[in-house]
Amino acid sequence: MDFTNPLVYGVPCFLGLILLELTYSKTHDHKDLYKWKDLRSSLTFGVGSAILAPLLKTISAIVIFNFVYEVFNPEVNGVRTNIMGWESFGYAWYVWIICQLLDDFSYYWFHRQNHMVRFFWAAHIVHHSSDNFNLGTAVRNGWFTILYKPFFYMWICMIGFPPEMLVVCLGIEALWQFQLHSVYIPKLGIIDKIFNTHTMHQVHHARNFEYMDKNHGGFLNIFDKVFGTWKELDEDIDIEYGVSKPPNSYNIWTILTHEYQDIWNDTKKTKNWREKFMYVFGPPGWSHDGSTLTIKQMRRKLKEEGKTTV
């Protein structure tokens with residue numbers, strides 16, 4: 001059975017909603033919500049992602065997802081059975097719900113590792129590089145995540161979920177993520193108790209120290225709450241968006257590669273191979289001499305000094 005990735009229909013809606021939000025912001029009291037050069041960069045990344053989307057589907061769905069599905073769920077006498085003994089899953093409505101939940105679980109860890117592993121952060125920082133938070137920022141995605149994202153999800157096909165089902169669930173997740181990038185949606189009461197909403201995603205994009213590395217969830221916030229990364233928006237704090245060390249450029253290549261250049265420069269600071277490894281695969285901010293600190297180290301230090309508990 002074959003299904004169409006919902007992103008095929010989502011892309012035209014993305015452009016329409018960006019235009020709508022842009023027009024609204026320029027005709028009301030949010031004229032600085034969009035900056036033209038920044039929007040140009042974001043849309044360029046979005047167009048590039050749209051071009052790469054067929055390649056992503058080929059690599060993830062056809063090659064990786066189908067490969068592991070076939071290996072771990074061989075077909076015998078017309079019936080697919082997982083190597084662990086159970087029959088592979090079909091297309092019942094409740095199977096779709098379970099697959100979407102497993103997709104959300106995988107998204108949480110994929111997204112969190114993009115912030116915890118510097119080599120992944122070098123690809124993901126593109127999305128956070130803008131100091132604006134709007135629907136244009138939503139399509140500002142790094143292109144190198146295509147190289148490793150499928151590996152966070154392939155276990156779902158291993159245990160028996162059809163690859164095409166997972167691809168659709170990935171598309172639904174992406175649609176939800178897009179619309180989160182708006183400052184015009186207030187807190188939503190009981191909905192905030194369950195779902196990852198707009199104010200929670202504002203926290204995620206903030207470079208305020210108390211908000212860093214929080215709210216990695218997809219459409220649910222339960223995994224952030226369970227694993228200790230959830231943070232509610234404090235309306236008394238003025239949010240500053242972006243990253244603590246911005247690229248200071250609208251050049252696409254600079255935005256795309258500047259963190260890789262920084263990693264390379266940092267590895268040359270030491271001759272110790274373990275320390276070189278940590279500069280690449282350790283958390284952002286790690287240093288062999290303590291000259292820079294990770295967010296966790298900074299929080300621990302401030303807590304020991306009695307200055308903060310965040």
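The values are calculated or read from the model by the stated rules, or taken from the named source; none is laboratory data. None of these values were measured; they are calculated from a predicted model. Don't worry about glycine lacking a Cβ; one is built from the backbone with ideal geometry, like all the others, and counts go over all protein chains shown. Remember, those area values only see protein heavy atoms, side chains included, never the ligands or the DNA or RNA. Shrake-Rupley method; radii C 1.70, N 1.55, O 1.52, S 1.80 Å.
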Order the peptides 149-158, 177-186, 28-37 from the highest to the lowest mean number of other Cβ atoms within 10 Å of their residues. 149-158, 177-186, 28-37
Give me the extension gain from Gln113 to Leu19: residue separation times 0.36 nm, minus the current Cα-Cα distance, reported in nm with one decimal. 30.6 nm
Dimensionless Rg/Rh of the range 240-295 - Kirkwood Rh, Rg from C-alpha atoms: 1.01
Carbon/sulfur accessible area of the range 188-227, % of total, 1.4 Å probe, equals 70
Which order do peptides 91-98, 17-24 fall in by mean Cβ count within 10 Å, highest first? 17-24, 91-98
Could you tell me the distance between the Cα centroids of the range 133-189 and the range 213-263, to the nearest Å? 15
Using a simple spin-label model with points 7 Å from Cα along the Cα→Cβ vector, what separation in nm is obtained for Leu43 and Glu305? 4.5
Would you calculate the separation in nanometres between label points at Asn82 and Lys187, each defined as 7 Å from the Cα along the Cα-to-beta-carbon direction? 4.0
Phi-derived 3J(HN,Hα) across the range 105-116 with the Karplus relation (6.51, -1.76, 1.60, θ = phi - 60°), rounded Hz, x for Gly and Pro, is 4, 5, 4, 4, 6, 4, 5, 5, 5, 5, 9, 9
When every alpha-carbon pair in the range 49-180 is counted, what percent end up more than 22 Å apart? 41
With a 10 Å radius around each residue's Cβ, average the other Cβ atoms per peptide and rank 104-114, 122-132, 234-244, 258-268, highest first. 122-132, 104-114, 258-268, 234-244
What angle, in degrees between 0 and 90 and rounded to the nearest 10, separates the Cα long axis of helix 163-179 from the longest principal axis of the Cα atoms of the chain? 30
